[in-house]
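Asker: Below you'll find the structure I mean.
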Amino acid sequence: MKDLWLILANIALPLCAGITFFALARYASHIAPMRILVTGEKTYKGAAWGFAFFGAYLVTRPLQILLGPHPMPLIINCIREFCMMALFAPAVFVAMMSLCFGSDRIPKKLIYGIFALGFALGILFVVLNIRAIGGSEIIFWLGHYPAYDGVWFKAQDPNSQALMSILFVIRFIDPLFILLLAGVIVYRHARHYPAAKGEVYDNMPRKLYVLSAAVFAFPVSMLITGALVLFFKIPNQWWIYYLGALIAGLLEAVSLSLPLRRDVQVSEHAR
């Protein structure tokens with residue numbers, strides 16, 4: 001029974017969440033030409049790429065645990081975390097900034113800067129991750145096939161424990177803080193949506209509130225997982241990440257499906 005839960009948490013849940021974001025990436029690309037005048041070009045381009053990168057991050061969790069013992073879990077994990085930090089979080093941040101302030105008002109220096117920060121933190125995370133993790137363990141059996149993961153919280157070496165603390169700080173900055181900041185920006189934009197635009201696009205505040213909840217869902221799940229480790233000494237509750245991601249995907253789907261105006265009966269779903 002325990003193995004069944006671990007299979008669901010480490011394989012089924014990440015796959016469901018990843019497929020959801022791949023579908024969102026395709027849908028965002030489909031409706032981008034129809035909403036580009038309202039939201040700006042970078043909004044849906046950034047969203048589509050962000051969805052695609054995050055979908056890849058989620059669906060590769062099974063690869064991390066099923067391709068064999070150390071160093072395979074570490075290698076796959078480093079690739080996944082680098083993509084999330086260097087690509088996903090910056091793409092979402094740029095998309096949300098474009099949505100709230102307009103593509104033309106987003107300085108290129110800000111775009112280059114946020115991606116440069118993500119790239120630098122991603123590289124630093126990978127280097128420290130390699131130094132901190134030196135082995136793997138079997139976390140469950142898939143029939144007669146073992147699933148391995150890194151010994152993230154079991155290293156007795158004080159140096160490795162110190163590196164894990166630094167990794168926590170890096171992840172707090174990117175993606176957690178970047179995504180939380182993006183969510184706050186969207187929420188404030190919903191609360192202070194321009195009255196003139198609201199008369200035309202009267203459903204936009206509602207879309208933005210749902211979108212902000214979607215952006216908040218994943219970093220909040222990271223905060224909960226981190227709090228379990230720091231305050232309750234309960235490690236490896238990664239399933240909370242994937243549940244948060246799935247909730248974020250479902251909320252994002254609701255936001256995207258809402259029309260810009262309440263009186264619109266036929267939306268972009270029709271071809």
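Asker: Do any residues in segment 137-152 that are closer than 26 Å to Leu163 by Cα have Cβ atoms under 9 Å from those of residues that are among the basic types (Lys, Arg) and open to solvent by 70 Å² or more (accessible area, probe 1.4 Å), where the two are at least six apart or on different chains, and which pairs are they?
Answerer: What qualifies is Glu137/Lys154.
Asker: Hey, among Ile185, Ile166, which residue is farther than 27 Å from Asn77 by Cα, of a type outside the set (D, E, K, R) and open to solvent by 20 Å² or more (accessible area, probe 1.4 Å)?
Answerer: Only one candidate passes the filter, namely Ile185.
Matching residues to (1) under 30 Å from Lys154 (Cβ atoms); (2) more than 13 Å from the chain's Cα centre (by Cα); (3) of a type outside the set (A, V, I, L, M, F, W, C):
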| residue | (1), (2), (3) |
| --- | --- |
| Gly198 | no, yes, yes |
| Phe216 | no, no, no |
| Phe231 | yes, yes, no |
| Pro235 | yes, yes, yes |
| Ile240 | yes, no, no |
| Gly244 | yes, no, yes |
| Arg262 | no, yes, yes |
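Asker: Counting only residues that are of a type in the set (Val, Ile, Thr) and assigned to a helix (DSSP H, G or I), which one in segment 76-121 is farthest from Val186 (Cα to Cα)?
Answerer: Checking each candidate, the answer is Ile76.
Asker: Let me ask something else about it. For the subset of segment 55-75 comprising residues that are in contact (Cβ under 8 Å) with a residue 60 or more places away in the chain and in a helix (DSSP H, G or I), which member is farthest from Ile178 (Cα to Cα)?
Answerer: Leu66
Asker: Could I ask something else about it? In segment 203-217, how many are hydroxyl-bearing (Ser, Thr, Tyr) and either surrounded by 22 or more Cβ atoms within 10 Å (Cβ to Cβ) or farther than 9 Å from Val186 by Cβ (or both)?
Answerer: Matching residues across segment 203-217 total 1.
So that you can scan it fast, the table gives a plain yes or no per residue for (1) closer than 25 Å to Phe119 by Cβ; (2) in contact with a helix residue (DSSP H, G or I) (Cβ under 7 Å, 6 or more places away or on another chain); (3) open to solvent by 40 Å² or more (accessible area, probe 1.4 Å):
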{"site": "Ile11", "(1), (2), (3)": "no, yes, no"}
{"site": "Ala28", "(1), (2), (3)": "yes, yes, no"}
{"site": "Gly55", "(1), (2), (3)": "yes, yes, no"}
{"site": "Thr60", "(1), (2), (3)": "yes, yes, no"}
{"site": "Gln64", "(1), (2), (3)": "yes, yes, no"}
{"site": "Cys83", "(1), (2), (3)": "yes, yes, yes"}
{"site": "Leu87", "(1), (2), (3)": "yes, yes, yes"}
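Asker: Another question, if that's okay. Looking at (1) in a helix (DSSP H, G or I); (2) in contact (Cβ under 8 Å) with a residue 60 or more places away in the chain; (3) open to solvent by 30 Å² or more (accessible area, probe 1.4 Å), can you tell me which one Glu252 breaks?
Answerer: Every condition holds for Glu252 apart from (3).
Asker: Among the numbered criteria (1) open to solvent by 30 Å² or more (accessible area, probe 1.4 Å); (2) under 15 Å from the mean Cα position of the chain (by Cα); (3) not charged (D, E, K, R), which single criterion is violated by Pro107?
Answerer: Status for Pro107: all satisfied but (2).
Asker: Could you list, in sequence order, all residues of segment 2-31 that are under 17 Å from the mean Cα position of the chain (by Cα) and among the hydroxyl-bearing types (Ser, Thr, Tyr)?
Answerer: Thr20
Asker: Being more than 21 Å from the chain's Cα centre (by Cα) and of a type in the set (A, V, I, L, M) is the filter here, so list the residues in segment 165-196 that pass it.
Answerer: Selection gives Ala190, Ala195, Ala196.
The values are calculated or read from the model by the stated rules, or taken from the named source; none is laboratory data. Source: prediction; values computed, not measured. Cβ coordinates were reconstructed from backbone atoms using ideal geometry, including for glycine residues, and neighbour counts include every protein chain displayed. Surface areas here come from the heavy atoms of the whole protein model, side chains and all, with no ligands, DNA or RNA. Shrake-Rupley method; radii C 1.70, N 1.55, O 1.52, S 1.80 Å.
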